[in-house]
Amino acid sequence: MPTHPVSKVVVVGGGIFGVSSAVHLSRLGIETILINDGPLASGASGRSLAWLNSARMRSAEYHQLRMIGIDRYRTLSAKYPDAAWLRFDGGLTWDADDASNEILEALAHEKSLGYDARHLLAGDIPSATPGIATSAVTRQGAIFNPGEGWVDLPSLIKLLVAEFVERGGQLVTDAGRATVTLATGRTTGVATERGATFAADAVLLATGSDVPRTVAQTGQHIPDGTPIALLVRTKPVALPLRAVLNTPRVAVRPTPDGALVLDSAWSEEEVIVNPDGTYGVKASTLQGLLDEASKVLEGNPELELESYGVGPKPIPGDGEPVFGRLKGTEGYYVAFSHSGATLGLIAGELHADEMDTGNEHPLLAKFRPTRFG
Ligand SMILES: Cc1cc2nc3c(=O)[nH]c(=O)nc-3n(C[C@H](O)[C@H](O)[C@H](O)COP(=O)(O)OP(=O)(O)OC[C@H]3O[C@@H](n4cnc5c(N)ncnc54)[C@H](O)[C@@H]3O)c2cc1C
């Protein structure tokens, strides 16, 4: 059922979902304020692997949304063909040599969807993509997905925010924690813990892992599966690697400044969450990740730690995106999802469209917060 189109929106959250939504709203001529508690890109978007993909298995609707998300990046890439922060140089993945190996099943599934996927044995890899230690590839072989890519989210956020401000959008950073203000059955805007208030007839809550907590004040439950994630950045290193690598012990992607970023499931599990809510990362975890990356790179280069980022990786409890308006609270929209790099441009576009038209977009039908009851 259509709701009323909006004339003034507050977007809370300076990660990719908030920034993308704010710029799309401003492109539609809607008065928009973008508020963030700290500096922009200080959440998950500032420490993301940001591999643009729809690899492996998921629901048909989620796959479709991701593919459209990638399409929007292709359009952006055509506008900035030389951008060092957005590359479509493919992805290469292989599994462990044990019972968990599902390379052939994943390949068959991807091919059945028309997702560009090629099965490569170790010896075939150098002719497809450079810089890989082919001896590390397991005997079942790898999948090369030539259509995949990566984005440096802080660079993209900077670009989008510059456009937002140029179009007259109001940017408020370092505002402290914001909450959504409510009156009978509708939102009235946003209030910050520092006492500032911003009136609006619609609010988009794009606060990453904080979304379920804030939404709970309306009585709407959003299950939260957010883990604490670790992203390691190496010092710049001269390597021919172009593709994003997803291997059993480490994921690796190049960065705009000639370094690498790394993550993995095992290193995420080694993060220590202290009782006061701070995080601890062991030196052995950092070194372990550098060593694992070295093993999958041609020539096994020595990699040095530049820095690391640790904190929540927003993931809804059922793994699928939570997008769109809360039922029962007029003007209250949420954006909470994993794979926010892949979905960032399309999610902002569709949220802006829904607010502008007052109509629910069919591409978001499966992802509404109301599915949780
Ligand atoms: C290690 C890692 C690897 C990843 N790999 C991939 C990948 O390969 N591909 C992919 O597509 N995605 C990946 N992701 C996921 C992707 O990065 C995230 O889904 C995306 O960055 C989330 O963006 P967001 O805008 O929802 O949240 P965030 O980037 O966390 O932004 C939320 C912002 O809101 C602010 N905020 C929070 N609460 C409040 C409040 N109450 N008031 C005001 N401001 C508030 C925060 O400070 C933050 O700036 C990865 C993420 C991580 C961490």
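The values are calculated or read from the model by the stated rules, or taken from the named source; none is laboratory data. Because the structure is a prediction, the values reported are computed rather than measured. Neighbour counts are summed over all protein chains in view; Cβ atoms, including those assigned to glycine, are modelled from backbone coordinates with ideal geometry. With ligands, DNA and RNA removed, areas are computed over all heavy atoms of the protein, side chains included. Shrake-Rupley method; radii C 1.70, N 1.55, O 1.52, S 1.80 Å.
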From the set of residues in region 225-241 that are in a loop (DSSP other than H, G, I, E, B) and either more than 20 Å from the chain's Cα centre (by Cα) or at pLDDT below 95 (or both), which is nearest to the ligand (Cβ to nearest atom)?
L241
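Output yes when any residue across region 228-236 is of a type in the set (S, T, Y) and closer than 22 Å to G38 by Cα, and no when none is. I'd like the intermediate steps shown before the answer.
Step one: list which residues in region 228-236 are of a type in the set (S, T, Y), which gives 234.
From the residues that got through so far, the ones that are closer than 22 Å to G38 by Cα too are none.
No, that holds for no residue.
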Any idea which residue in region 349-360 is farthest from G324 (Cα to Cα), counting only those that are in a loop (DSSP other than H, G, I, E, B) and open to solvent by 50 Å² or more (accessible area, probe 1.4 Å)?
N359
Listed by range, helices (runs of 4 or more DSSP H) wholly within region 1-113 having at least 1 residues that are under 16 Å from the mean Cα position of the chain (by Cα) and more than 12 Å from the ligand (Cβ to nearest atom) are 60-79
Take A199 and decide whether it is more than 16 Å from the ligand (Cβ to nearest atom), under 30 Å from D356 (Cα atoms), open to solvent by 10 Å² or more (accessible area, probe 1.4 Å) and at pLDDT 95 or above.
yes
By residue number, the members of region 338-348 that are hydroxyl-bearing (S, T, Y) and open to solvent by 10 Å² or more (accessible area, probe 1.4 Å) are S339
Among the residues of region 6-20, is there at least one that is open to solvent by 40 Å² or more (accessible area, probe 1.4 Å) and on the phi < 0 side of the Ramachandran plot?
yes
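The rows are residues; the columns are (1) basic (K, R); (2) closer than 17 Å to N53 by Cα.
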position	(1), (2)
I228	no, no
R233	yes, no
P236	no, no
L241	no, no
T247	no, yes
G258	no, no
V261	no, yes
E268	no, no
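Out of all the residues in region 308-318, which are surrounded by fewer than 18 Cβ atoms within 10 Å (Cβ to Cβ) and either among the β-branched types (V, I, T) or over 17 Å from S48 (Cα atoms) (or both)?
Answer for region 308-318, where residues must be surrounded by fewer than 18 Cβ atoms within 10 Å (Cβ to Cβ) and either among the β-branched types (V, I, T) or over 17 Å from S48 (Cα atoms) (or both): G317, D318.
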Breaking point among (1) in contact (Cβ under 8 Å) with a residue 24 or more places away in the chain; (2) within 16 Å of the ligand (Cβ to nearest atom); (3) over 20 Å from K79 (Cβ atoms), for W150:
(3)
Identity of the residue in region 319-333, out of contact with any Gly (no Cβ under 7 Å at 6 or more places or on another chain) and open to solvent by less than 10 Å² (accessible area, probe 1.4 Å), that ends up farthest from the ligand (Cβ to nearest atom):
G331
Which one of the conditions (1) exposed (fewer than 15 other Cβ atoms within 10 Å of the Cβ); (2) more than 11 Å from the ligand (Cβ to nearest atom) does R213 fail to meet, given that it meets all the rest?
(2)
Inter-residue pairs, beta-carbon under 9 Å, first open to solvent by less than 50 Å² (accessible area, probe 1.4 Å) and in a loop (DSSP other than H, G, I, E, B) and in region 175-189, second more than 16 Å from the ligand (Cβ to nearest atom) and modelled with pLDDT under 95, 6+ apart:
G185/G328; G185/T329; G185/E330
